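Below is one structure, written out as structure tokens; the observations come after it.
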There are 2 protein chains.
Amino acid sequence: MTLELTGQSIIGYKSGSGSGEKLEGLNPATGENLKPLYYAATNEEVNEAASLAASAFESFSRLSPSKRAEFLRQIAANIEALGDVLTERASAETGLPVARIQGESARTCGQLRLFADLVSEGSWVDARIDRAMPERKPLPRPDIRSMLRPVGPVVVFCASNFPLAFSVAGGDTASAFAAGCTVIVKAHHAHPGTAEMVGQAVRNAAKQLELPDGVFSLLYGSGTGVGVALVKHPLIKAGGFTGSRSGGRALFDAASSRPEPIPFYAEMSSVNPVFILPEAMSERTAQIAQGLHGSVTLGAGQFCTKPGLVFVESTPKASEFASVLGGLMATTPEFTMLTPGIRSSYEKGVSSRVSSAAVATVARKEVDCGPGKATAGTALFETNAESYLGNSELSEEVFGPSTLLIKYSGREQMLHLARTLEGHLTATVHGTDNDMATAADLIAILEDKVGRIVFNGYPTGVEVCHAMVHGGPYPATTDGRSTSVGTRAIFRFTRQICYQNSPDNALPDELKAANPLGIWRLVDGELSKAS
Amino acid sequence: MTLELTGQSIIGYKSGSGSGEKLEGLNPATGENLKPLYYAATNEEVNEAASLAASAFESFSRLSPSKRAEFLRQIAANIEALGDVLTERASAETGLPVARIQGESARTCGQLRLFADLVSEGSWVDARIDRAMPERKPLPRPDIRSMLRPVGPVVVFCASNFPLAFSVAGGDTASAFAAGCTVIVKAHHAHPGTAEMVGQAVRNAAKQLELPDGVFSLLYGSGTGVGVALVKHPLIKAGGFTGSRSGGRALFDAASSRPEPIPFYAEMSSVNPVFILPEAMSERTAQIAQGLHGSVTLGAGQFCTKPGLVFVESTPKASEFASVLGGLMATTPEFTMLTPGIRSSYEKGVSSRVSSAAVATVARKEVDCGPGKATAGTALFETNAESYLGNSELSEEVFGPSTLLIKYSGREQMLHLARTLEGHLTATVHGTDNDMATAADLIAILEDKVGRIVFNGYPTGVEVCHAMVHGGPYPATTDGRSTSVGTRAIFRFTRQICYQNSPDNALPDELKAANPLGIWRLVDGELSKAS
């Protein structure tokens, strides 16, 4: 398949004007710029995309579920049809290996089809019917029916570390389309070509299904201007973001301080604590060291679920563990990180730990890379509970292939450490049956700190399924009620709406007496598929 | 039953110190002060209540569903046991008739029992299980299970216009307890005695069930200090409020700008547009005038669902309608409003319309009441679409027994008027079958503007049931995804949490393999009660 990159924003079925600020892709492995030049959207283009999205919402939000599912499946098919063209461009723009991009592409398409299945099945709308009771005393009860409806046009921000699965046609876009929202994507400057390819796949799918102009737009921007303008635009009704804590918080603040505040789901920083309980440490020293090494270095440590804090009891076995893990880290080949900027932040975080009196450097692979390149090596640090508690910067995220071991003395100190944790996406517990028999208090603490607790495994690798929760209390996200992965994510972009004594033919199909879609509904408090 | 009012805040199982600022109940019908004096909570008391709520949350949030249901039922029983003592005090403090208070008390206790039933049944937690697939290629799938958990300690603000149903043991408190949250209530200064009676009922229920100290507190405050301190307190994780737009927005801003932002559900202003379509107007002129009169004047017009904008086509029948409604309004006896402050705001809103060149006064009952009293009369105004669109203050809420007719010319203008609406709790459409046959575009517009669409009825009178949605887009509420009435309200105070490869005995009962609670669960994408 050939595909011509235009360097332009996609504004509904039109292209951008090419008059905004310029930006350019970069190969972080070679430092070379990647053609074409991209042009940031102008204020007029932001307004146009928002107006189109609002006008398209009127009909798109009322499309039949089967048609919406077809749209999602067509997007997946169009992405797959891009084949190597997409894979190679994404790899060149991100430094991520082709195999990883292929896996991410499969995940992205699988995700789109999972939402298509969800929408086809249809019960996700939580339809509820409380039938009239005309004879009730003292007052008759009216007929009340309610369901979830899409919230309106949504802005989605691409993430640098997932050029496909959390970008143009990633989780937020898939769940927003599935819910019935129109979507404006703000491209990430780190992979503009990948964004355009996927953007064209989405636009083509919309055209193939003859959807209204404006169901989808993709806007470029070099700084924060375009993103903030979208979040503040009165026609935008919700937003989703994956990125830095400062960026996510700034956008959340913009969303919350609007004249009409809107929900803004920013996934920001998470250090993903791991607790290795004593018997597991003793019995599985090398096995856990290997597993953890794999998890810390996967994708050059550039996952929001990378385990960055590892709590271990201060025992001889823990020293052996540190030594095995240190050996693995020291012999890990260097990585190309996503961008020179991310590499530089990583090096800054690592250097600060290397020079900290509170921390010992167990392993550190220094890499000297040329300008425009983003090569970096692993780092393993170690400290004790007192130093960790006394230096708040040690609990902060270092995005990249590095982690920190914290040695504690005894169970009470471990529980105290757990209680001092901020919100995270995940927490992990390694324990034998004996360890687990006394871990209920630790689990209870972690339940209030994270979105997902992993047992005897590793937090990287997030399943896309019905039960997944990829979210967590602040600062992991700005809205700890929610997830950005899995079918629960559809709830982000919905609101409840209720009809009282509606004529049957004025109701959405989901609420009609005959249950024409055959979905599960809560009828007078009982789940039923009956008509 | 006798009950001694102490004038003190309730801080877990202790009483306040009586050292804060003083406030006093007032009978708005007579202007007399009501004993005892109440004392605002001090900063130390706010901190103490928050600390207790956080510490009680650890065990209360893990209480068995049956025990939580028992707590809710015991609160209802304790409120009922107060009998006339409560009814009379609430009536004296609010000017609302005893019969209305009795109805509201029944609703409040019914609401507590509905949540008890919901929690006993247990399926509301949205339990999901995606079982492991150890053979899956390229990677095995882990076992993933998730459900809703309570968000943490919650602050609930009492509303002046519902001294029971939206106050100490009202909807937000019931749904928060049902979800497993501990609750701190901020009393409303307009009914401190009622608040204390219900507060004692809740505290006694907690004692009877031997719940941990701090599950419930009730704090008094004269200004905004105590409320803002609670919303900003780091241990508080969500809030619920019903009241003014300025108050709700200020608290939402405080919640959103915290170092750790929290969800804040403020229900604020809603003018509840009514559309009377032409054939219905022609066929049911007097009937709709009577129904609307009842709805506008119910509870002295002091409902957030009071219809305050009535759109009618400019026809002779509409003039007849205005005249019938005007006659009913003019002969309506005067009301005692909730407080002298609310009366004064009402009079200000009415006077501004009386003196507006854009508005005609159809009926106006002026009432001269003495100091400290809150007597007021009805008012009916009329304008046309152009004047309405040109004077934005005409679309604002006037809280009290008044409404505004807007005459439009033709269907296109009606649709334009609908499109210009802000967010509201409700919209109402009166139409015959013929009217409805061409109303799909109006309904589609209203679906994106309100939480509940009422057909051929009146928006006052909110059913407490599974399907109810009492919410709506801003400025009706600060979070249009949600409802404050009905069992859907439990979702306000929850977050999603997920367990990966957890040992069965470390899971909550809701997610254990054997399904010991016998609840509905989504197992591998299929709803099932199986173990």
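The numbers here are math on the coordinates, done by the rules we state, and not lab data. Not measured: the values here are computed from a predicted model. No Cβ is skipped: glycine too gets one built from the backbone with ideal geometry, and neighbour counts run over all protein chains shown.
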For A:13, B:499, B:265, ascending order of other Cβ atoms within 10 Å (fewest first) is A:13, B:499, B:265
Where a ≥ b ≥ c are root eigenvalues of the Cα gyration tensor, a/c under 1.5 meaning rounded, otherwise prolate if a/b exceeds b/c and oblate otherwise, the stretch B:451-530 counts as prolate
In nm, the gap between the two label points placed 7 Å beyond Cα toward Cβ at residue B:505 and residue B:22 is 6.1
Surrounding charge for residue B:446, neighbours by C-beta under 11 angstrom, Lys/Arg +1, Asp/Glu -1, total 0
Ranked on Cβ counts within 10 Å of their own Cβ, fewest leading, A:398, B:198, B:215 go A:398, B:215, B:198
Listing B:442, A:34, A:164 by rising number of other beta-carbon atoms within 10 angstrom, fewest first, gives A:34, B:442, A:164
Under the Karplus relation with 6.51, -1.76 and 1.60 and θ = phi - 60°, whole-Hz ³J(HN,Hα) for the stretch A:97-105, x at Gly and Pro, equal x, 4, 4, 5, 5, 4, x, 5, 5
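Assuming R0 = 41 Å, can you tell me the calculated FRET efficiency for the pair residue A:314 and residue B:58, based on Cβ-Cβ distance, to the nearest 0.05?
Working: r = 27 Å, r/R0 = 0.66.
With R0 = 41 Å, the Cβ-Cβ based efficiency is 0.90.
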In terms of the alpha carbon gyration tensor, root eigenvalues a ≥ b ≥ c, rounded if a/c is under 1.5 and otherwise prolate when a/b exceeds b/c or oblate, chain A is oblate
Rounded to the nearest 10 degrees, the helix A:285-297 long axis (Cα) sits at an angle to the longest Cα principal axis of chain A of 60
Here the correct list, in nm and shortest first, of distances from residue B:64 to the same site in the other copies, label points 7 Å along Cα→Cβ, is 4.9
Zone reached by a paramagnetic label modelled 7 Å from residue B:232 Cα along Cα→Cβ, restricted to the stretch B:258-288 with backbone N below 11 Å, covers B:258-259
Other residues with Cβ under 13 Å from the Cβ of residue B:362 give, with Lys and Arg +1 and Asp and Glu -1, a net charge of +2
Inter-copy distances for residue A:77, nm, shortest first, label points 7 Å along Cα→Cβ, are 6.3
homo-copy label distances at residue A:15 (7 angstrom along Cα-Cβ), nm, one dp, ascending, are 7.9
From the cross-link list B:306/B:373; A:35/A:186; A:137/B:529; B:306/B:365; B:306/B:449, the entries with a Cα-Cα span beyond 25 Å are A:137/B:529
Quick calc, the protein assembly as shown, dipole around Cα centre from Cβ unit charges on Lys, Arg (+) and Asp, Glu (-), nearest 20 debye, gives 260
Among residues of chain B, the one whose beta-carbon sits nearest the axis that rotates B onto A, given with its distance in integer Å, is B:256, 2
Scalar couplings 3J(HN,Hα) for the stretch B:201-210 by Karplus 6.51 cos²θ - 1.76 cosθ + 1.60 (θ = phi - 60°), nearest whole Hz, x for Gly and Pro, are 4, 5, 4, 5, 4, 4, 5, 4, 8, 6
So the FRET efficiency between residue A:4 and residue B:210, C-beta based with R0 = 51 Å and rounded to 0.05, is 0.10
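Report the extension gain between residue A:412 and residue A:514 in nm, rounded to one decimal, defined as 0.36 nm multiplied by the number of residues separating them, less their alpha carbon distance.
Working: separation 102, 0.36 × 102 = 36.72 nm, distance 5.93 nm.
Stretched fully, the residue A:412-residue A:514 segment lengthens by 30.8 nm.
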Heads up, the stretch A:387-480 by the C-alpha gyration tensor (a ≥ b ≥ c square roots of eigenvalues; a/c under 1.5 rounded, else a/b over b/c prolate, else oblate) looks oblate
At q = 0.15, 0.16, 0.18 1/Å the base-10 log of I(q)/I(0) from the Debye formula over the alpha-carbon atoms of the stretch A:8-122 is -0.94, -1.02, -1.12
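What translational diffusion coefficient, to the nearest whole µm²/s, does the protein assembly as shown have by Stokes-Einstein, given a Kirkwood radius computed over alpha-carbon pairs, a temperature of 20 °C and 1.002 mPa s viscosity?
So the translational diffusion coefficient is about 71 µm²/s.
Residues with beta-carbon under 15 Å from that of residue B:388, excluding residue B:388: net charge, scoring Lys, Arg +1 and Asp, Glu -1?
My count for the surroundings of residue B:388 gives -4.
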As a percent rounded to 5, the proportion of antiparallel DSSP bridges among beta bridges in the stretch A:273-455 is 20
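Of all beta bridges DSSP finds with both residues in chain A, what is the antiparallel percent, to the nearest 5?
On the way: 30 of 70 bridges.
Antiparallel bridges: around 45 percent, rounded to the nearest 5.
Could you work out the relative contact order of chain B, using alpha carbon pairs under 8 angstrom and six or more residues apart, expressed as a whole percent?
On the way: 1228 pairs, mean separation 93.2, N = 531.
Result for chain B is 18 percent.
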Under 5 Å from the placed amide H of residue B:375, counting only residues 5+ away or on other chains, we find B:337
